[in-house]
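Single-structure report; data block below.
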Amino acid sequence: MQRQPVLSVRGLTKTFGPVRANDAVSFDVGAGELVCLFGENGAGKSTLSACLAGLHSPDGGEIVLNGEPVRFSTAADAIVAGIALVHQHFLLVDDFTVLENIVLGHERGLFVNYRAAEKKLRALCRRYGISVRPDARVGDLTVGERQWVELLKALYHEAAVLILDEPTATLDLQESRKLFRIIDELKTAGVALVLISHSLAEVMRSDRVVVLRQGRVVGERATSETTPQELTRLMIGREVERKHRGSSRPGRPCLDVEHVTIRRPGGAPILDDISFSVAEGEIFGLAGVAGNGQKPLMEAIAGVLPFSSGRVLIDGELLADLDVHGIQKLGVGHIPEDRLSEGLVGDFSIAENIALGSHRDVFADGHFLNRGAIRVAAAVAIADYQIAAPSAETRARALSGGNAQRVVLARELAAASRVLLANQPTRGLDVGVIEYIHDRLIEKRAAGCAVVLASSELEDLLNLSDRIGVMFQGRLMGIVDARSTSIEEIGLMMAGQKREAA
Amino acid sequence: MIAFERRESAGWIAQAIAYLLAIAAGLLASVVLITITGADVADGLGALWQGAFGDAEAIGQSLAAAIPLVFTGLATVVAFRAGIWNIGQEGQVFAGAMAGYWMSLQLAGAPAIVAVPAVVLASVAGGAAVAALCAVLKTRFDVNEIISTMMLNYIIVYLLSYLLAGGPWIEAGSTAYHQTPLIADTFRLPELFGLHLGAPLALLATAAVALVIGRTPLGFELRGLGFNPVALRYKGVRVATTIVMAMAISGALSALAGVSEVFGINFRLRAEVLNGLGYTGIIVGMIGALNPWGTLVAALAFGAMANGALYMSVLTDVPSALVPAMQGILLLFVLGAAVLTRYRLRFGRKDGRHG
Ligand SMILES: Nc1ncnc2c1ncn2[C@@H]1O[C@H](COP(=O)(O)OP(=O)(O)OP(=O)(O)O)[C@@H](O)[C@H]1O
Ligand SMILES: [Mg+2]
């Protein structure tokens, strides 16, 4: 069946100063083939795809498209040539509409025929069942919706090669299924596909897997002839066992959320009368399709988002009079949903990001920053969370997605002594480190912390949580015991069915 | 074809070389400009050099001309590093000078030991208040600071011209000159080594700004604000307060430029001696790469140019108006260099497609 590969990468090398992000990488993708790039955080997957899509210029090697060597100066060049990338950290202009983002910069000629473009876009949305309004401002979209905009951009330009960099990290289960249906359709249409994912289940749906380690290809397997175990071994040099977590014996109530409501002018409330309580030494799971209120709920507790009515207490203390900083000082850690915009300052170093938030107390010495203490804390974080970076002075924006996430985790887990609000804490992490983070969550629980954990991985939620609250359209549909519930029961509640007797 | 490619980072050596090249290119372009005006280039530049560095007196005057630019340059550094586009230095210089002068009227007859600190404090408060007003408009009512600071520039400058053009502050008996009477000796900034108090203050301010930005929690927040205010908010930084603080500091620094001109050099308040200090400060801060010490160097260079220009226009037929043009040219080249260090040139086919 293999005639000539659509895309062929030959000895591609890309360095950032001392870091060899890609080291003589070679692989092929044929028409209608789905190739998966698999590898640890920082292995060079995003860099590789950025080189293919014209965002980086490689230092060496060749990119061959349909038998012709190509070089791109800009992403627009690549799209015109037929290579589209759905980037891990989206590259959209917030102030532009969906349509403008998709069309602008890629149209030849001076004028854009918006009407025709919009018609084409709407047809695409219908065809693939994607519900995004072309005239919505991208800045107002959720992360999941932006993911679809990026994908629509690729579909719109009828790319011959489509690269998806961790697309499902921001999608929930149903949406991921939809994405894979689209992927299947594109395969049938003969598009060459490259998928980057840390989820073994997704990796196993590809035709071929290319395993990267420290910038080099360390193995290539036909998916039908390999197993998740073998792939993990190739990737990190050992196997990962999924541990089963016992439940705990929760203590007295620590976090109390009472009737918290966030109204929205002229629409359904964002949060509708949410009440629950989390004891110290308990992990309270939050299940729900993304965008059903998990994010605003955590932000309301953390003080980032003001709420219309209701109240929140920690150890009996009312949070109403405290601002974000005051709440943090009570020992609240908050892992926000979007690491790059909400969690980190990209142009700050790792060390500065570790200090952020505690720079006025823990890391201050009189009127000055305590740079010694910051250095030490950063070194500890880098060692504990195995953050791959040349030094603590590396800027956060130069980190790979998973390594950036580790910086947020290091800071927030250290800060959380009473309450930990963790929104998708393992998003973007490689399988080697997920278990480690789970261990740390259990440790926090054992240390008497009240943990609120939102995750799109139901299995993880069931495995880690003591109780699980299910959210639907800003409401808490019910709270179930993680030991006695089932994925089916939670699934029904996620779809909006109320639980009969709580 | 030549194409630009983005590069991830340039070493500081490459950046320094790019800067030097930009300055050389800027000077070259200035030479071309002088030639076009028909003047003799060697004469013109020679006179410029003589005027700026010819003897001890010239050097002293160059330094004096640099002092206000250090302050307005630093004002730019503080605001721009925080991502606040304060272009109200001009008005804040005026506000500082006016507040200082007002204080000198209130304290008429006071001994120098009280008078000088009071004037400096009043003027700092004036500049800070004007700038903070724009910050509050921004944080409370979402008024763009570029617009508000710009508008306030006009209002303040015109307020002074009202006060001086037949208004309450004009010198008795003078109608030809819009200026106040001479300021009493007790209010004048004391002299040290031939320079007024503004000189050590400027050095101190540079060191202080460097220290605050690099080593203090406030400076940490300022820098963070310029990069990602959202993450700061999520980590409990009171962003609105930080914006007001940054603007107040920026305004206070600009005010010191007004004080040094009025109370250190001219000893009377007159719009002409303040004109342009604020706008030039923006250029100085940018050429100094928004770095306090870089800004100090840029201010010294601009001070020397401004001072030399006077001499040049007297001695040769090169118009002194060429000097602001030269400063503008330098800014363009330096900004160009800053952008270019982020790209690299590639020679070859334009796009990757096989053609
Ligand atoms: N702009 C940059 N400047 C400097 N170093 C960079 C830059 N981008 C990436 N790197 C480095 O290159 C290496 C590879 O990063 P890359 O983002 O490709 O990893 P990845 O495989 O996508 O990881 P992840 O699974 O965490 O997303 C990392 O060590 C990273 O720190
Ligand atoms: Mg990546």
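Assorted remarks:
- Scanning the range A:338-347 for residues that are assigned to a helix (DSSP H, G or I), facing another protein chain (nearest Cβ under 8 Å) and either touching a residue at least 40 places away in the same chain (Cβ under 8 Å) or touching a Phe, Trp or Tyr at 6+ places or on another chain (Cβ under 6 Å) (or both) yields A:GLU342, A:GLY343.
- Residues (more than 10 Å from chain B (Cβ to nearest Cβ), touching a Lys or Arg at 6+ places or on another chain (Cβ under 7 Å) and away from ligand 1 (no atom under 16 Å from the Cβ)) located in the range A:43-82: A:GLU62, A:VAL64
- Single residue of the range A:161-175 satisfying the filter (within 16 Å of ligand 1 (Cβ to nearest atom) and not hydrophobic (A, V, I, L, M, F, W, C)) that is farthest from A:PHE90 (Cα to Cα): A:THR168
- The range A:16-42 - residue that is within 14 Å of chain B (Cβ to nearest Cβ) and either over 19 Å from A:GLY428 (Cα atoms) or among the basic types (Lys, Arg) (or both) and, of those, nearest to ligand 1 (Cβ to nearest atom): A:PHE16
- Taken together, A:ILE301, A:ILE350, A:ILE335 contain a single residue that is more than 12 Å from chain B (Cβ to nearest Cβ) and under 12 Å from A:VAL408 (Cα atoms), which is A:ILE350.
- Taking each residue of the range A:88-108 that is outside the structural domain of A:SER400 (by TED's automatic domain parsing) and at pLDDT below 75 and looking for partners that are within 16 Å of ligand 1 (Cβ to nearest atom) and charged (D, E, K, R) with beta-carbon atoms closer than 6 Å, six or more apart or interchain, yields A:PHE90/A:GLU150.
- Residue match in the range A:112-134 (condition: within 22 Å of A:LEU186 (Cα to Cα) and in contact with a His (Cβ under 6 Å, 6 or more places away or on another chain)): no
- Being touching a helix residue (DSSP H, G or I) at 6+ places or on another chain (Cβ under 9 Å), touching a residue at least 40 places away in the same chain (Cβ under 8 Å) and not in a loop (DSSP other than H, G, I, E, B) holds for only one residue in A:ALA78, A:ALA43, A:ALA21, and it is A:ALA21.
- Annotation: of all residues in the range A:376-403 being part of a helix (DSSP H, G or I) and buried (at least 22 other Cβ atoms within 10 Å of the Cβ), the one that is nearest to ligand 2 (Cβ to nearest atom) is A:GLY401.
- Checked against the criterion of being assigned to a loop (DSSP other than H, G, I, E, B) and crowded, with 24+ Cβ neighbours inside 10 Å, the candidates A:PHE72, A:PHE38 yield just one match: A:PHE72.
- Residue under evaluation A:LEU369, criteria (1) more than 22 Å from A:THR170 (Cβ to Cβ); (2) modelled with pLDDT of 95 or more; (3) within 24 Å of the chain's Cα centre (by Cα); (4) within 9 Å of chain B (Cβ to nearest Cβ), criterion not met: (3)
The values are calculated or read from the model by the stated rules, or taken from the named source; none is laboratory data. Remember, it's a predicted structure, so these values are computed and weren't measured experimentally. Please note: Cβ atoms are built from the backbone with ideal geometry, for glycine as well, and neighbour counts cover all protein chains shown.
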